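Structure first, commentary second.
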Amino acid sequence: MKIISIYALFAVLTLSMITLIDVIAGIRVTESIHSLSTIFATTTLQEFICIMIFLILPFIQVAVHTYYQRHPRRKPSQ
C-alpha cells in the first residue's frame, strides 16, 4: 500500500506543479485546470489505454505482492 500512496503523492505534486507554473505565467487557476481537463478530453483510444495501464500498474503490483505473501511458493519435493 505504500507504493500506491507514493504514486498518489507524485500525481498530486505533478498536477499542483503544473497549475503553479501556469499561475506564475499569468494564467488563472480555473483556466489552468480547464486546460488540463481539455488535454485528457482529446486523447485517442490508444493513448487512453496506455494511460490506464500506467495508472493500474501500481495496483496490480500490490495485488501480486500480497498474493505471494499469503500463498508462499512450495518447494518441489525431491
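The values are calculated or read from the model by the stated rules, or taken from the named source; none is laboratory data. All values derive from a computational prediction rather than experimental measurement. Counting neighbours? That spans all protein chains shown, and the Cβs are built from the backbone with ideal geometry, glycine included.
Scanning the stretch 29-78 for residues that are charged (D, E, K, R), surrounded by fewer than 10 Cβ atoms within 10 Å (Cβ to Cβ) and not in a loop (DSSP other than H, G, I, E, B) yields a single hit, R70. For the stretch 2-28, filtering for residues that are exposed (fewer than 10 other Cβ atoms within 10 Å of the Cβ) and either touching a Gly at 6+ places or on another chain (Cβ under 6 Å) or among the basic types (K, R) (or both) leaves 1. Among the conditions (1) at pLDDT below 90; (2) not in a helix (DSSP H, G or I), G26 misses just one, which is (1). Among the residues of the stretch 20-41, the one identified as within 17 Å of the chain's Cα centre (by Cα) and polar (S, T, N, Q) is S37.
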